[in-house]
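Trainee: What follows is a single structure, and I will ask about it in a moment.
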Amino acid sequence: MSINKPLTFFNPDFESDLRIPYIDFGVSAGFPSPALDFMEKSIDLNKALSENALATFYIKVDGNSMIDAGIHDKDVLVVDRSLEPQNNKIAVCFIDGEFTVKRIQLKKDGLWLLPENANYSPIKINEENQLIVWGIVTYVIKKI
């Protein structure tokens, strides 16, 4: 079984007074659009990325088993524990004493945790495994 190295957990700081300038009209990825100068608001990313504040936490990724899903080493995941696990959702799981992030897949032959990198093997869950789905990944924060 191939499982990632331990993940680093962080709690959102919902008491922060930090406000980052935010322009909500979108930016063109094609031809430049006329500038709407000084049409900025502010945003609190802790609140903007959390639908359920009490059930949300951040995790720093350590490993590359999910690169084909756009999740890379050192990315930060926003995870919501209030969401129900569903087929094809990406989840943070605690399996047999270790944390990992994988895609949940329910097949005819059972439950699988699928990596999104051909260098890693899928994990078939059986009655001998101890599995807890800690939460569903809702956002990926990355440095480019």
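Trainee: Enumerate the amide H contacts of residue 62 below 5 Å, restricted to partners 5 or more residues apart or on another chain; note that Pro and chain-start residues carry no placed amide H.
Mentor: 74
Trainee: Going down the table (47/107; 107/143; 47/142; 60/108), which pairs top 25 Å between alpha carbons?
Mentor: 47/107; 107/143; 60/108
Trainee: Just to verify a number: FRET efficiency for residue 68 and residue 13, C-beta to C-beta distance, R0 = 22 Å, to 0.05?
Mentor: After rounding to 0.05, the efficiency reads 0.10.
Trainee: Please find the FRET efficiency linking residue 124 to residue 51, where r is the Cβ-Cβ separation and R0 is fixed at 41 Å, and quote it to the nearest 0.05.
Mentor: 0.85
Trainee: While we're here: At 0.890 mPa s and 25 °C, plugging the Kirkwood radius over alpha-carbon pairs of segment 52-144 into Stokes-Einstein gives what diffusion coefficient in µm²/s?
Mentor: 182
Trainee: Follow-up. Can you work out the FRET efficiency for the pair residue 132 and residue 42, with r the C-beta to C-beta distance and R0 = 35 Å, to the nearest 0.05?
Mentor: The computed FRET efficiency comes out at 0.40.
Every number in this text was worked out from the coordinates using simple rules, so none of it is lab data. Bear in mind that the values here come from a model prediction, so they are computed numbers and not experimental data. Every residue, glycine among them, receives a Cβ derived from its backbone with ideal geometry; neighbour counts consider all protein chains shown.
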